[in-house]
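Computed from the coordinates by the stated procedures, all read-outs in this text should not be read as laboratory data. Every value quoted in this text rests on a predicted model; they were computed, and no experiment measured them. Neighbour counts run over all protein chains shown; Cβ positions are idealised from the backbone, glycine included.
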Amino acid sequence: MAADPLIELRDVNKYYGDLHVLRDVDLAVGRGEVVAVIGPSGSGKSTLCRTINRLETIQSGRIMLDGRPLPEEGRALARLRAEVGMVFQSFNLFAHKTVLQNVSLAQVKVRRRGREQADRRSLELLDRVGLSAHAGRFPAQLSGGQQQRVAIARALAMEPKALLFDEPTSALDPEMINEVLDVMRQLARDGMTMVVVTHEMGFARSAAHRVAFMADGRIVEDRAPEEFFTAPRSGRARDFLASVL
Ligand code: ADP
Ligand code: MG
């Protein structure tokens, strides 16, 4: 585990009513580290992601970002949401705004940038995800893969310390999956700290530094991908891998 982690969860427990969805979860993510979170449906992967930028509260344990507990409310919480960006399965773009406006909006509202400065930054980021030629289009005029790349550019526009991805390619047609994974691979090479919930085992194996395997709300294995994929220790992981590989 990283000595000075950017993101650290210690002994985290989360319930939905009587349902115990995160059980004694410990996870540390170092700066520049990419952790792939994998596991069966319902094992708590999305909930884990959502607790890290406090879209969900926890009942016990601690979550630290950059050595400080997550803020609970107010401006500090809004800042946290900007510092820990999230990319969802459904791209969540504003349908009635152009690509450029989608990427610029929060820069103006949250980061308090001027419109021109925000647009300039947006165009740089759209270029980075290969979409600067589409800045004036509306989301419905783009493919799913392109929309997801806009969502990534929008998250990057907040200058996040870390990015959380919750199954970013699960809603995409197969031929579009790689264009999104390629952008994520490039972010990883550029040193972005990332937590990626994914069913793309090839990505987890080749791009992640660690795999956290979840089952029934627990992180059952947390290891280097090569070790995890070649010699899973737990029966749960062996069963899971047999079902997806
Ligand atoms: P995963 O992302 O691994 O599929 P989730 O984190 O979405 O798992 O869900 C973990 C468990 O919590 C599941 O049993 C799910 O049905 C339940 N759950 C998720 N969100 C809610 C919610 N808002 N209210 C009640 N139960 C929920
Ligand atoms: Mg999920």
When the chain is treated as a Gaussian network with springs between alpha carbons less than 10 Å apart, the largest mean-square fluctuation among VAL35, VAL108, VAL87 is found at VAL108
Helix 235-244 versus the longest principal axis of the chain: what is the Cα-based angle in degrees, 0 to 90, to the nearest 10?
40
At a temperature of 4 °C and a viscosity of 1.567 mPa s, determine how fast the stretch 78-123 diffuses translationally according to Stokes-Einstein, using the Kirkwood radius over alpha-carbon pairs as Rh; express D in µm²/s, rounded to the nearest whole number.
114
Thinking of the stretch 204-245 as a set of Cα atoms, what percent of all their pairs are more than 12 Å apart?
57
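Could you tell me which trypsin sites (Lys or Arg not before Pro) in the stretch 136-245 are loop residues by DSSP with no more than 13 other beta carbons within 10 angstrom of their beta carbon?
Within the stretch 136-245, the qualifying trypsin sites (Lys or Arg not before Pro) (loop, at most 13 other Cβ atoms within 10 Å) are ARG233.
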Considering only DSSP states other than H, G, I, E and B, which trypsin sites (Lys or Arg not before Pro) in the stretch 1-101 qualify as loop sites with at most 16 other Cβ atoms within 10 Å?
ARG31, LYS97
How many nm separate the modelled label positions at GLN186 and PHE138, each set 7 Å beyond the Cα in the direction of the Cβ?
2.8
Please state the relative contact order of the chain as a whole percent: Cα pairs under 8 Å, 6+ residues apart?
26
Estimated vicinal HN-Hα couplings, Hz - the stretch 215-223 in sequence order (Karplus 6.51, -1.76, 1.60; Gly, Pro = x)
8, 6, x, 10, 7, 7, 9, 9, 8
The stretch 174-245 - Rg (one decimal) and Dmax (whole number), Cα, Å:
12.8, 35
What whole number of Å gives the distance from the Cα centroid of the stretch 125-147 to the Cα centroid of the stretch 164-183?
14
So how tilted is helix 74-83 from the main axis of the chain? Cα-based, degrees 0 to 90, rounded to 10.
90
Of GLY191, GLY144, GLY114, which is the most mobile in a GNM of the chain whose springs link Cα atoms less than 10 angstrom apart?
GLY114
Which is the longest run of the chain containing none of the GluC sites (Glu not before Pro) found in DSSP loop states (not H, G, I, E, B) with at most 13 other C-beta atoms within 10 Å?
74-245
Scattering curve values for the chain, log₁₀ I(q)/I(0), Debye with Cα scatterers, q = 0.17 Å⁻¹
-1.31
Between ASP18 and ARG31, what length comes free when the chain is fully extended (0.36 nm per residue of separation minus the Cα-Cα distance, one decimal in nm)?
1.2 nm
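Find the percent of Cα-Cα distances in the stretch 24-116 that exceed 18 Å, and round it to a whole number. Working shown, then result.
Values: 2449 of 4278 pairs.
Here the tail beyond 18 Å accounts for 57 percent of pairs.
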So if R0 is 35 Å, what FRET efficiency would SER234 and VAL110 give, r being the distance between their Cβ atoms, rounded to the nearest 0.05?
0.25
On Cα atoms only, tilt of 174-189 relative to the major axis of the chain in degrees:
90
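Convex hull over the alpha-carbon atoms of the stretch 116-186: what's its volume per residue in Å³?
Values: hull volume 6.4 nm³, N = 71.
About 90 Å³ per residue, rounded to a whole number.
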